[in-house]
Amino acid sequence: MSVAVANDQRQTLARRRRVRSRGRAHSVPRALELAPWVALGAFLLVEVAISALQLTGPFMDEGIYITAGLRTLQGHGIGDDYLSWFSGSLMWPVIAGLGWKLGGLAGARAAAAICVTIGLVGAVKASGNLFGVRVRAASALAAISSGPVIALGHLAVYDTLAVAAAGCSFWALTEFLHRDDRAWLCAAALLYALAGLAKYPVLLFVGPPLVALIAVTRGRRAQLDLSLFALLVGAVLTCYFLSDRTQLTAFESFRVGENPTFGVTRLQIVYAQVYFTAIPLVLAVAGAMLVQQRRAALALLTGTIGAPLYHLYTGNPSGDQKHAVFGLLFLLPLIGVAIGEALRGTRARLAIPALLVLFVFAAVQVVRIDEGWPDLRASAAVLVQKVRPGERLLANSAWVDAAYLYEHGRIESPYDIYDASRVEHSTAPIDVCSFQWFVEVPGGEAWPASIRAAMHNCGTFKRVYSSSAVLTGLASDLNFVTYRAPIEIWRNEQ
């Protein structure tokens, strides 16, 4: 009897061990399934909090899109000819304008945070489709430890809407590869076209990895798949072009002849690309060496080609840190493979401190990016207080002031302000003395010496505000420097 009882006790203990073992086995996958969404949820909350704190004033491009959005919501978007010089449609300006009306700058930036998070969700889901649940969780960790991603997540620019569409296009394509259902291929094509409409150069950044993935994974069916993909994308872009071909043709002429370098050398462009992409690329290459689907891995690596070639070819450094995010979307699956492998077993003791270093480096990058433009809120407030409706302004970098002045009804149109570019390309001579205000701020193009001399020669302009802004930028010696730049407002007393 005692032997039977002992046997029963042993069997009971064995069953309990098996139950506990199964519970532990199920808890790990459950935790891995929840981990990416918890991480991305935390990312969104942090970005919305940063937006609400408004630690920085509007970037010049934010001023452009917010102002254009306000005008578009009032029915003036097409009449203002924004499509003749914007590198994207009016979709994001409308979203930014709505955000501004609801919550000011914080509202517009919160909309950007939502868009970037949607894009990351798409890329993380794509990572899981390609390489499994563990990689999906690790790719989310990689996404939120990227300086350019964090910086873009609280910047109200049209790259954010393009990131949302590009990330979802990537996810839809992996669903197509997984399910062999061309409805998902159609969705991927339409979302890719949407990313291009949000910002035209994104077609060059995102196209190579999407096309390469289809080409290397679909075998003999790839030709038909690529034809369908191209047909849908071409149809959407053609319809958009025909909707206002006059302005869009003018944009083509403008962009071919107008690629400002802002005094930045090719070496600085190369250094910036290395600074923003080297670490993610090294991790992605390590991940590519660990997977069996080598051709798919090579296809994903092509995501890093478009943006660097674009900047090197045009010599235009504008937006380099934002454009790095598009390549990162396609590197995330491979980075997830590398991080997931590094966190296995005893290697985690070295991998976890390395990840902490990545977060610290990302924080340094974010601070440098956020300090790259001047805070003009104080000078804009002076103009809002003193400018009377009907007065005209000369402001070398006009669009931040335009957003505030237009919102408060101090100007009837953003074109009541003449910036340095408009003055430089004007076909008629500019009579500086006929303007009521002269503003010079850092950021954008500086006033030519002749225009500033003409203002002084009028003899009627009185300086009513003087201050300075602190900026951080990459110098010609490839070191980041922090410096002060003057802000001046002059009023014509005539």
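Bear in mind that the values in this text are calculations on the coordinates, not laboratory data. Here the structure is a predicted model, which means the values were calculated and not measured. Please note: Cβ atoms are built from the backbone with ideal geometry, for glycine as well, and neighbour counts cover all protein chains shown.
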Study note, to complete from the structure: For the chain, percent of DSSP beta bridges that are antiparallel (nearest 5) comes out at 75
Practice item. Apply the Karplus parameterisation 6.51 cos²θ - 1.76 cosθ + 1.60, with θ equal to phi minus 60°, to every residue of region 73-83 and state each ³J(HN,Hα) to the nearest whole Hz, in sequence, with x for glycine and proline. Key: 4, 9, x, 9, x, 5, x, 7, 6, 5, 5
Exercise for review: Can you tell me which of 231-240, 336-345 comes out highest on packing, and rank the rest after it, using the mean Cβ neighbours within 10 Å?
Suggested key: 336-345, 231-240
Review point. Roughly how many debye, to the nearest 20, is the charge dipole of the chain about its Cα centre, given +1 on each Lys and Arg Cβ, -1 on each Asp and Glu Cβ, and no other charges?
Key: 2940
Review point. What are the ³J(HN,Hα) values, in whole Hz, obtained from phi via the Karplus relation 6.51 cos²θ - 1.76 cosθ + 1.60 with θ = phi - 60°, for each residue of region 324-331 in sequence order, with x given for Gly and Pro?
Key: 4, 5, 5, x, 4, 3, 8, 7
**Study point:** 4 °C / 1.567 mPa s Stokes-Einstein diffusion coefficient of region 141-241, Kirkwood radius on C-alpha pairs, µm²/s
**Key:** 92
Exercise for review: Rank by packing, highest mean first: peptides 376-387, 193-204, with packing defined as the count of other Cβ atoms within 10 Å averaged across residues.
Suggested key: 193-204, 376-387
Review point. Which values, in whole Å and largest first, are the semi-axes of the equivalent ellipsoid of region 377-492 obtained as the square root of 5 times each eigenvalue of the Cα gyration tensor?
Key: 24, 17, 14
Review point. Can you work out the FRET efficiency for the pair Arg220 and Lys462, with r the C-beta to C-beta distance and R0 = 60 Å, to the nearest 0.05?
Key: 0.20
**Study point:** Rounded to the nearest 20 debye, dipole of region 377-492 from Cβ charges on Lys, Arg, Asp, Glu
**Key:** 440
**Study point:** Ratio of Rg to Rh over the chain (Cα coordinates, Kirkwood Rh, two decimals)
**Key:** 1.07
Review point. Between the helical axis of 245-257 and the dominant principal axis of the chain, each derived from Cα atoms, what acute angle in degrees is found, rounded to the nearest 10?
Key: 90
Practice item. Estimate the FRET efficiency between Asp180 and Gln74 by the formula 1/(1 + (r/R0)^6), using the beta-carbon distance for r and 30 Å for R0, to the nearest 0.05. Key: 0.05
Practice item. Rounded to whole Hz and in sequence order, give me ³J(HN,Hα) for region 165-175 from the Karplus expression 6.51 cos²θ - 1.76 cosθ + 1.60, θ = phi - 60°, writing x for Gly and Pro. Key: 5, 5, x, 6, 5, 4, 4, 4, 5, 5, 5
Practice item. Report, in degrees rounded to the nearest 10, the 0 to 90 angle that the Cα long axis of helix 2-53 makes with the longest principal axis of the chain. Key: 10
Check your understanding: Once fully extended, how much extra length lies between Val285 and Val360, figured as 0.36 nm per residue of separation less the alpha-carbon to alpha-carbon distance?
Key -> 24.8 nm
**Study point:** Contour excess over end-to-end distance, with Cα ends at Thr246 and Arg422 and 0.36 nm allotted per residue
**Key:** 61.3 nm
Check your understanding: Trp37: net charge of surrounding residues, Cβ under 14 Å, Lys/Arg +1, Asp/Glu -1, itself excluded?
Key -> +2
Exercise for review: Provide the net charge surrounding Ile451, with neighbours chosen by a C-beta distance below 12 Å and charges set as Lys +1, Arg +1, Asp -1, Glu -1.
Suggested key: -3
Practice item. On a 0 to 90° scale, report how tilted helix 202-217 is relative to the longest principal axis of the chain, with both axes built from alpha carbons and the result rounded to the nearest 10. Key: 20
Study note, to complete from the structure: Taking the dipole of region 377-492 about the Cα centre (Lys, Arg +1; Asp, Glu -1; charges at Cβ), the one of Thr427, Ala485, Ala381 that reaches farthest to the positive side is Ala381
**Study point:** Chain lengthening between Ala49 and Arg266 when straightened (0.36 nm per residue, less Cα-Cα)
**Key:** 74.5 nm
Check your understanding: Give me the Kirkwood hydrodynamic radius of region 171-317 in Å, from all C-alpha pairs, to one decimal place?
Key -> 17.3
Exercise for review: Please give, to one decimal in nm, the separation of the simple spin-label points placed at Ile430 and Ala230, each 7 Å out from Cα toward the Cβ.
Suggested key: 4.5
Review point. When you take every Cα atom in region 36-75, what is the radius of gyration, and what is Dmax, the widest Cα pair distance, in Å?
Key: 14.4, 41
**Study point:** Principal axes of region 73-173: Cα extent on each, largest first, Å
**Key:** 50, 27, 19
**Study point:** Relative contact order (percent, whole number), region 377-492, Cα cutoff 8 Å, 6+ residue spacing
**Key:** 26
Review point. Within the set Lys101/Lys199; Lys125/Lys322; Lys101/Lys125; Lys101/Lys386, which residue pairs have Cα atoms separated by over 27 Å?
Key: Lys101/Lys125
Point to revise | Span from the region 135-151 Cα centroid across to the region 461-494 one, whole angstrom | key: 35
Revision key, fill the gap. In Å³ per residue, the alpha-carbon convex hull of region 184-230 encloses 57
Review point. By per-residue mean of other Cβ atoms within 10 Å, what is the highest-first order of 142-155, 429-442, 59-72?
Key: 142-155, 59-72, 429-442
Review point. Placing +1 at every Lys and Arg Cβ and -1 at every Asp and Glu Cβ, with all other atoms neutral, what dipole size does region 164-288 have around its Cα centre, in debye to the nearest 20?
Key: 200
Exercise for review: Take the alpha carbon atoms of region 259-383, find their radius of gyration, then divide it by 2.2 N^0.38 Å using N residues; give the quotient.
Suggested key: 1.30
Exercise for review: Could you list the residues of region 413-437 with an amide nitrogen less than 13 Å from a label point located 7 Å from the Cα of Trp85 in the Cα-to-C-beta direction?
Suggested key: 414-427
Practice item. Counting other beta carbons within 10 Å of each Cβ, put Asp159, Asp80, Asp477, Asp375 in order, fewest first. Key: Asp477, Asp80, Asp375, Asp159
